[in-house]
Structures are given as C-alpha cells and as structure tokens.
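J.: Here's a structure for you.
The values are calculated or read from the model by the stated rules, or taken from the named source; none is laboratory data. Just so it is clear, the structure is predicted and the values come from calculations on it, not from any experiment. Every residue, glycine as well, gets a Cβ built from its backbone with ideal geometry; the counts of neighbours run over all protein chains shown. For accessibility, only protein heavy atoms count, side chains too; no ligands or nucleic acids. Shrake-Rupley method; radii C 1.70, N 1.55, O 1.52, S 1.80 Å.
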Amino acid sequence: MKKEILKNLCTIYNGSTPSTSNQEYYGGDIIWITPKDLSIQNKKYILKGERNITKEGLKQVKSNLLPRGTVLLSSRAPIGLLSIAKQELVTNQGFKNLVVNEEILNNEFLYYYLKTKIIDLENLGTGTTFKEISKAALENFLVIFPNLSIQKKIADILTAIDNKISLNNQLNDNLPNVYSTFT
C-alpha cells in the first residue's frame, strides 16, 4: 500500500458560478453541476444538471471544462456528495473537482475511497455560516492506495455491487405494480 496526499495524485479545480444577474450566462450547451444535482440524482456518474451555462458564462468564471472522468466532490452545503463526470462539464463554487493522474490513480477507486472518508472530509471543513473544505486542506488529504491494477479490481467489484443494489431497488419499486395485477 502507498500513502500520498491528493495534490500529488490529481489536479484539484475549484468550481465557480457565473453572475446569476446576467441571464446571457445561462441556458447554453455547457453542462453546469451544483450540489443539488448530485443530491437529486444520487448516482455514481452524472451526465447533466438542472441548468446549463453559455460560453459567455464559462468565460466569465474563467474556468475550463472538466474532462470526462473527473471526480466531483461537494465541498460545502453539504460536504461529501460525490459523482464522476460522464462527459465534459463545469461545476459551481460548491465543488472541488479532482482530475486524477491516471498513471497513479484510478478515478473510480478514488470515488469509492472518498465515499468511505466522508466524516474525515467533513472534519476538514471550516467556517461560521456553513462549513467548507478549502482547496489547500483537500490538497493535503492523505490517500492510502494499492497499485493501479488492484485499484481497478476493487473499483470493478464495488461497481458490480452498486449495480446489483440499483437493480434490487428497481425491482422493489416495481413490486407494488406486480402485486396489484394479482389482486
């Protein structure tokens, strides 16, 4: 097992929000994700959010599109929601976005690892109105990890379990419909 701080395993980008008073920044083709989107969808991968922004909105926040595979971590209100970008997107200021060095770290492994460390992540938060994780604090967060091939195997097993849970939930959701056909 290896131990390394996050800033040596990935590049961390802050999210940002274009001015909400300028409607020219909203309604475009660029996917823009908020913590609310993660809480509503509650899935490993995120493909879209409630709102999109325009190219002008992207320029206004001076942000780059995050690549597919970026691990999205809500860093305030609340801390610890996680998802993986299914395609290029940007996030609001409630995120720290982790673009992993794929030669060292598997993004799915990091996703699952961070899911087990939510309390530790919450403890990194500071602030009086609401707690927020700073980029500096997250950069120094310690990650313990095996070699890349073992990371991939762990991520594959956990993905299979997640898929089975999802299937079971779908079956449970349909049970009332099945039952009503017999009554």
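J.: Under the classification rounded if a/c is under 1.5, otherwise prolate if a/b is larger than b/c and oblate if not, where does the stretch 62-157 fall, given a ≥ b ≥ c as square roots of the Cα gyration tensor eigenvalues?
T.: Verdict is oblate for the stretch 62-157.
J.: Can you spot the aspartates and glutamates whose alpha carbon is less than 20 Å from Lys152's alpha carbon? Ignore those fewer than 8 places along the same chain.
T.: Glu4, Glu102, Glu103, Glu108, Asp162
J.: So, one more: Per residue of the stretch 23-36, in order, report the coupling 6.51 cos²θ - 1.76 cosθ + 1.60 (Karplus, θ = phi - 60°) as ³J(HN,Hα) in whole Hz, putting x for Gly and Pro.
T.: Here the 3J(HN,Hα) series is 5, 5, 8, 10, x, x, 9, 8, 5, 10, 10, 10, x, 4 Hz.
J.: While we're on this one: In sequence order, what are the phi-derived ³J(HN,Hα) couplings for the stretch 58-75 according to the Karplus relation 6.51 cos²θ - 1.76 cosθ + 1.60 with θ = phi - 60°, rounded to whole Hz, with x for glycine and proline?
T.: So the J values, rounded to whole Hz, are 5, 5, 5, 8, 6, 10, 9, 5, 7, x, 3, x, 5, 8, 9, 10, 6, 10.
J.: Let me ask something else. Placing +1 at every Lys and Arg Cβ and -1 at every Asp and Glu Cβ, with all other atoms neutral, what dipole size does the chain have around its Cα centre, in debye to the nearest 20? Don't skip to the end; give the middle numbers.
T.: Numbers: 22 positive and 17 negative charges, 40 e Å.
In total the dipole reaches around 200 debye.
J.: Over the chain, with a Gaussian network built from C-alpha contacts below 10 Å, which listed residue (Leu105, Leu138, Leu148) shows the highest mean-square fluctuation?
T.: Leu148
J.: Enter the accessible area per residue of the stretch 32-132 (Å², integer; probe 1.4 Å; all protein chains in place).
T.: Values: 5190 Å² over 101 residues.
With all protein chains present, the stretch 32-132 gives 51 Å² per residue.
J.: Based only on Cα atoms, what mean projected area does the convex hull of the stretch 74-115 have, in nm²?
T.: Working: hull surface 12.6 nm².
So the mean shadow area of the Cα hull is 3.2 nm².
J.: Could you look at the chain and say what percent of its accessible area is carbon and sulfur, using a 1.4 Å probe and all protein chains?
T.: Numbers: 5560 of 10680 Å².
Reported share for carbon and sulfur atoms: 52 percent.
J.: Another question about this same structure. List the residues whose amide H sits under 5 Å from the amide H of Phe141, counting only those 5 or more places along or on another chain, with H placed 1.01 Å from N in the peptide plane.
T.: Leu6, Lys7
J.: Another question about this same structure. Can you run phi through the Karplus equation (6.51, -1.76, 1.60; θ = phi - 60°) for the stretch 45-52 and list ³J(HN,Hα) in whole Hz, with x for Gly and Pro?
T.: 10, 10, 10, 7, x, 5, 10, 10
J.: Would you look at the GNM of the chain, springs on alpha carbons closer than 10 Å, and say which of Lys117, Lys164, Lys131 moves the most?
T.: Sorting by GNM fluctuation, first place goes to Lys164.
J.: Taking only the alpha carbons of the chain, what extent do you get along each of the three principal axes, in Å, biggest first?
T.: 58, 48, 34
J.: If amide H atoms are built 1.01 Å from N in the plane of the peptide, which residues on other chains or at least 5 residues away come under 5 Å of the amide H of Ile84?
T.: For Ile84, the qualifying residues are Tyr45, Ile46, Leu72.
J.: I'd like to know which of Ile119, Phe130, Gln93 lies farthest towards the positive end of the charge dipole of the stretch 83-138, counting +1 on Cβ of Lys and Arg and -1 on Cβ of Asp and Glu.
T.: Phe130
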